[in-house]
Each structure stands twice: as C-alpha cells, then as structure tokens.
Amino acid sequence: MKAIILKKNLFSEGNEILTMYTRESGKVRAVARSVKSPKSRLSYALQTFFFTELEVLPNKKLPAVTSVKPLEVFAGIYSNPQKVAYAMYATEVLLKSTPDEEVNEDIFDLFLEFLRHLDSSDALKHSCADIFVLELLALSGYRLSIENCVVCGKVLSKDISFSNRRSGFVCKGCALKVSDAFVVSDMTYLLIAKHANKQSKQADYASIDAESGDLSGEVHRIVESFAKHILERDLNASGLLGKL
C-alpha cells in the first residue's frame, strides 16, 4: 500500500501509531512496532510527510507495519522550517476534515501534488497552502461560493466582503445584513477567485505563490477563519504561520 504519513503517536514503549492517507482507503492507521529501537529498520522511512510504500499485517485492532520503502522524502521541506510550518498547517486541516477509511482519490492526489510543489518551491511565501486548504474543504463538501454574492446572487467585482457563516463572498449592499462579514481587498478576492475551486489536476501552485506576494497575509486570514468555522476547531499549526 502507498501512503503519505500524516502523524505519529507514541504507543507503549518503543511503538508508534501511524496515521496515513492512502489513495485506496483514505485515512487509515497502523502500528509500527519497536520503531524507536536503534536497530529498527522502519524508523527512517516512517517520517511525517514521507510518501511511502508499506506492507502491513492485518490485526484485530490495528494492522502492523512489516516493511516500508520511502518513495519521496521531501528533503526540501525538511530543510526549511518555514516549509515545515506550511506542511504542518495543510496536514492538520487534512487530519481534522477527513473521516477514517473514506476513499477520496482526489484528496490524495491533491495532497501529494501540494507536497511536491512545496518541496521544490523557491517562493518566500506559500499561499499555495491556503489554496490547498480551500480545495481540500471543497472536496470534503464545503465549497466556497466565489463568483456570486451568497446573499443576493449578484456577480461580484469590487467592494467585497467575506462571511464564514455564509461560506462565501458578499457584495457591498448585502454585507450590512451579514453579521460576521468583513471587508477584503479586491486584489485578494481576485486571487482566490482565480485559483480556488479548481480540480486538483489544474492547481497551479507556482503561479499562486508568485502572484500572492503582499496579499498572502490576507489570503491566510480568510482561509484560516473559514477552516476554523467549518471544522469548529482551532488550528494549532496555523499559529506558526503568523510568526513567519
């Protein structure tokens, strides 16, 4: 089975429970035994974010990892603390927005594509992580309404606000009627409108990073607030991005 490692939790002495995302089975868990031992052959290959090929032995409780081969280790992410923070943010939303063992091949492909871009990118800011989050939430059933005002249906062009409760953008005339609406810049709206709600194979993360520039902070504020609203949970990793 091919899987991306999302999280590791210590489970009894020397053992770890792995949470992984697979193309065939969605989000799954397995136990890696004695992985903390210096003699363990599994330890190196079972790192967070690694794209791996594993063999597992079925068990009544959790399947056990018997062998693993790293396919992509994303050294470019691990060598850059900023990239690690963006990867943690994207991974946390994936963990909190997807149920166990629900197959979604598009989510797997989207996440792997995002990690590959982040690994190779030379950009200073990575709004690609926020666009990934919007795409992930859309694939999970929480798609933003972008082109039209979510209240009156008017085509949007300028003087735009955003509402978490309405899951989309609001025109100037309707913003006064929506209690949680907050104003966003026209340029930020246009950036999100251009790149969000696309199919995973069409994602152009390089262009997103290149075009976001000084808009990256506002893009993140919008996406973070929307994700927290949908998940009804805080995002621990998102706080790291505010310090970058």
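The numbers here are math on the coordinates, done by the rules we state, and not lab data. From a predicted model like this one, the values you see are computed outputs, not experimental measurements. Note that we place each Cβ from the backbone using ideal geometry, even for glycine, and neighbour counts take in every protein chain shown.
Structure values in brief
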{"item": "GluC sites (Glu not before Pro) restricted to region 9-65 and DSSP loop, no more than 10 other C-beta within 10 Å", "result": "Glu13"}
{"item": "Bridge type composition, region 2-72 - antiparallel percent by DSSP, nearest 5", "result": "95 percent"}
{"item": "Highest-MSF residue in the chain out of Leu136, Leu115, Leu95 [GNM, Cα springs under 10 Å]", "result": "Leu95"}
{"item": "Against the rule of thumb 2.2 N^0.38 Å, how large the Cα Rg of the chain comes out", "result": "1.09"}
{"item": "Ascending count of other beta-carbon atoms within 10 Å, so fewest first, for Ser179, Ser238", "result": "Ser179, Ser238"}
{"item": "13 Å beta-carbon shell around Lys61, net charge (K/R +1, D/E -1)", "result": "+3"}
{"item": "GluC sites (Glu not before Pro) within region 139-244: DSSP coil, no more than 14 neighbouring Cβ in 10 Å", "result": "Glu147, Glu232"}
{"item": "Residue order, fewest to most beta carbons within 10 Å, for Lys60, Lys27", "result": "Lys60, Lys27"}
{"item": "Viscosity 1.002 mPa s, 20 °C: Kirkwood-radius Stokes-Einstein D of region 139-244 over Cα pairs, µm²/s", "result": "148 µm²/s"}
{"item": "Footprinting exposure proxy for Tyr142, Tyr44 (fewest neighbouring C-beta atoms within 10 Å first)", "result": "Tyr44, Tyr142"}
{"item": "Size of region 2-72 as Cα extents on the principal axes (Å, biggest first)", "result": "30, 29, 18"}
{"item": "Computed lengthening from Asp159 to Met187, 0.36 nm per intervening residue step minus Cα-Cα distance", "result": "9.0 nm"}
{"item": "Label point distance in nm, Asp109-Lys60, each placed 7 Å from Cα along Cα→Cβ", "result": "4.0 nm"}
{"item": "Structure-based [θ]222 nm, the chain - -39500 (n - 2.57) summed over DSSP H runs of at least 4, per residue, nearest 500", "result": "-11000 deg cm²/dmol"}
